[in-house]
Amino acid sequence: MQKKAIVLAVAGLLPVAAMAQTNVTVYGVADGNYTFANDSPVRGSKSLSAVQSGGQSGSRVGFKGSETLGDGLEAKFRLEAGLSLDTGLSTQTGTFGRWSTVGLASKNWGEIEIGRRDTFHDQLVGGASANGRTTVAQVSPVYIDQARIGNFVAYLSPTWNGLQLKAGFSTAGNDTAAQEVEPTRITAAAQNTAANTNNRLWTVAAHYVNGPALLGASYERNKLQNRSAVAGIDGTYDAGNVWNIAGAYDFGVVRLDAAYGEYNYAKNTMLSSGAETKDSRKQWTVGLAAPVGTNGKATLVYAKAKLDYINSATHDDSLSMWGAAYFHNLSKRTNLYVAYGKINQDDDTLTKASISTLPSGTTYQQAYQLGIRHMF
């Protein structure tokens, strides 16, 4: 799927030592689609009709490579930039917002990566789900996870008969506010409290893939450090945590999968008004995928979540989603896809989940999609 290329055009401009490097792989995805979305919980909202990028997979271009150092040791790097086909602009803040790591790898001792990369949660749940993290039929609006971690040091063990262990630490782990489990960052003016965004994150995971079977678990703990009252009294800020278990088995005629996870959000007990109204979230999903002929695959997924708010004045929420998709291969690198997704949720304004892959700020609960993806 990925095409290796040695940059020979600039060979004459580089020092001899630099040319001792191993080949660099250039790879990417170009994904474009037409999407129609409607059924917004916001009154007066018109339907959405748009050409978009990244329905099945986020469009991107990447570079990765390695250098043999001897005694079974390699230096490795990976740089991956997200882009939007419909505008030509970057989809992340910074050039290589999707992935940017450097590290050392050994067949006997495993691999260490430093930088920004996918979370262990996202790799586990996305790998297990019949529909992955793709199209408007993906379950991520209901079964949420954090996609990436920055400022991260990750250790990946060697793989023993399909089993791999992972561990990591970050000094600023959370990627988006919607998926934070830390206390809300507040300003000194808001609560007479000094703000500090020095969030610590610890995470571990076990991932087993062997033939038709996949099984895994992941855990993540967040804690906001060194935030205290202006008067000099140290505050008490609880740590939040996230865990998931997931599995799948391919029977040939159908592949079945399931996942269960919980978010236990942190509470800021130093606020004058009492604990923050963060919630605890329980979520689960099931799915199936079946081959259609020699070139097609049909998927069906369902997810449900229950949100329990700390503040007794806020009503607990529940929401669910189901999605269906069909993928048809035109070649090993190019395929067409069609998908449908539908969210059902309570009317509490604190939830308002939206179909994924839609423009930021939209709140549509139903969408149809037709697209093409090419990998290089």
Those residues of region 148-173 that are more than 30 Å from PRO212 (Cβ to Cβ) and not hydrophobic (A, V, I, L, M, F, W, C) come to a total of 5
Within region 107-117, the count of residues that are touching a strand residue (DSSP E or B) at 6+ places or on another chain (Cβ under 8 Å) and either surrounded by fewer than 21 Cβ atoms within 10 Å (Cβ to Cβ) or within 17 Å of TYR260 (Cβ to Cβ) (or both) comes to 5
Return a yes/no flag: does region 117-125 have any residue that is within 30 Å of SER49 (Cα to Cα) and at pLDDT below 95. yes
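Name the residues in region 57-79 that are under 29 Å from the mean Cα position of the chain (by Cα) and among the hydroxyl-bearing types (Ser, Thr, Tyr), would you?
SER57, SER59, SER66
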Scanning region 218-238 residue by residue, those at pLDDT 65 or above and surrounded by 19 or more Cβ atoms within 10 Å (Cβ to Cβ) turn out to be SER218, GLU220, ASN222, LYS223
The number of residues in region 54-76 that are more than 17 Å from ALA137 (Cβ to Cβ) and surrounded by 14 or more Cβ atoms within 10 Å (Cβ to Cβ) is 12
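If you go through region 271-287 one residue at a time, do you hit one that is among the aliphatic types (A, V, I, L, M), in contact with a helix residue (DSSP H, G or I) (Cβ under 9 Å, 6 or more places away or on another chain) and at pLDDT 95 or above?
No - not one qualifying residue is present in region 271-287.
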If you go through LEU104, LEU124, LEU85, LEU79, the only one that is surrounded by fewer than 21 Cβ atoms within 10 Å (Cβ to Cβ) and more than 18 Å from LYS64 (Cβ to Cβ) is LEU85
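Conditions tested, residue by residue: (1) within 30 Å of TYR155 (Cβ to Cβ); (2) in contact (Cβ under 8 Å) with a residue 12 or more places away in the chain; (3) in contact with a strand residue (DSSP E or B) (Cβ under 7 Å, 6 or more places away or on another chain); (4) hydrophobic (A, V, I, L, M, F, W, C).
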| position | (1), (2), (3), (4) |
| --- | --- |
| ALA50 | no, yes, yes, yes |
| VAL61 | yes, yes, yes, yes |
| ASP71 | yes, no, no, no |
| PHE77 | yes, yes, yes, yes |
| LEU85 | no, yes, yes, yes |
| THR91 | yes, yes, yes, no |
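Conditions tested, residue by residue: (1) over 23 Å from THR134 (Cβ atoms); (2) at pLDDT 90 or above.
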| residue | (1), (2) |
| --- | --- |
| PHE36 | no, yes |
| GLY44 | yes, no |
| LYS76 | yes, yes |
| ASP86 | no, no |
Output for Cβ contacts, cut-off 9 Å, separation at least six or different chains, first residue more than 20 Å from GLY97 (Cα to Cα) and at pLDDT below 95 in region 148-162, second surrounded by 15 or more Cβ atoms within 10 Å (Cβ to Cβ) and of a type in the set (Gly, Ala, Ser), reads none
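The values are calculated or read from the model by the stated rules, or taken from the named source; none is laboratory data. Treat the numbers as computed from the prediction; the structure is a model and nothing was measured. Here Cβ is always computed from backbone atoms with ideal geometry, including for glycine, and neighbour counts include all displayed protein chains.
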